[in-house]
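Here is the structure we will look at, set down as structure tokens.
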Amino acid sequence: MFVTFNLNSTNMNKKILTPGFTYVVTVIVLAAVARLIPHWPNFTPVAAIALFGGTYIGKKYLAFVVPLAALFLSDVILGFYGMMPAVYISFILIVCIGFVLRRNVNPGTVVAASLSGSVLFYLITNFAAWLASPLYPQNVQGLLQSYIAGLAFFNNGSYGISFFLNEVIGSLFYNGLLFGSYYLARLRFPALVR
């Protein structure tokens, strides 16, 4: 079920601050705070926040605003970085994957959407790294080198498995946590569905 909002109503605050909206925003903010605790590189809830927001926030513009605002606020604390445009474009597209997921939310589709988001993030951010880095020739061979390097980056064990696999495992873990907790909360508190 979607969390919907009616911004044209005279009871705007009542319509926006529904139990479902409050729960979804709280979960997104808590996930964004989880970025601030020590973790392996790319083992974060970022892609899960975008997918979850795209799936359960009914108004499309708010589905972008809420997760991206939570991410931006955590970036304010963590610090800004050169790859931000590529990272944010990735998450905007992952919100769009959430829109598709709305039609059929079940464990299989959540896993497929999570994996799709991880691959999309990997392709976009490594493409941006290839464009910005003097380490790779600006040709197809250089792009392939960038993608291969991205698969093996941080593979010495102290930083997790690898840059890419940390993202995959982190997304699966956090999507399981976000979608699973919301499913269980809706069973326990039917007002969240409305």
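Read-outs: derived from the displayed coordinates by stated rules, not from any lab. Just so we're clear, the structure is a prediction, and the values are computed from it rather than from any experiment. Here the Cβ positions follow ideal geometry from the backbone for every residue, glycine too, while neighbour counts run over all protein chains shown.
Kindly indicate whether Val33 is surrounded by 15 or more Cβ atoms within 10 Å (Cβ to Cβ) and among the β-branched types (Val, Ile, Thr). Even if it seems obvious, please write down each step before you answer.
Working: surrounded by 15 or more Cβ atoms within 10 Å (Cβ to Cβ): no; among the β-branched types (Val, Ile, Thr): yes.
No: the conditions fail for Val33.
Under the condition of being in contact with a helix residue (DSSP H, G or I) (Cβ under 7 Å, 6 or more places away or on another chain) and aromatic (Phe, Trp, Tyr), which residue from region 50-67 is farthest from Asn175 (Cα to Cα)?
Across region 50-67, the extreme among qualifying residues is Phe64.
From the list Ser74, Ser90, Ser114, which residue is in contact (Cβ under 8 Å) with a residue 60 or more places away in the chain and buried (at least 17 other Cβ atoms within 10 Å of the Cβ)?
Only one candidate passes the filter, namely Ser114.
Hey, among Thr109, Thr44, Thr55, Thr125, which residue is among the β-branched types (Val, Ile, Thr) and more than 30 Å from Tyr183 (Cα to Cα)?
Selected residue: Thr125, the only one of Thr109, Thr44, Thr55, Thr125 that is among the β-branched types (Val, Ile, Thr) and more than 30 Å from Tyr183 (Cα to Cα).
Of everything in region 93-107, what is surrounded by fewer than 16 Cβ atoms within 10 Å (Cβ to Cβ) and within 14 Å of the chain's Cα centre (by Cα)? Give them in sequence order.
Phe99
Residue check: is Ser146 touching an Asp or Glu at 6+ places or on another chain (Cβ under 7 Å) and not in a loop (DSSP other than H, G, I, E, B)?
Considered against the rule, which asks whether it is touching an Asp or Glu at 6+ places or on another chain (Cβ under 7 Å) and not in a loop (DSSP other than H, G, I, E, B), Ser146 comes out as no.
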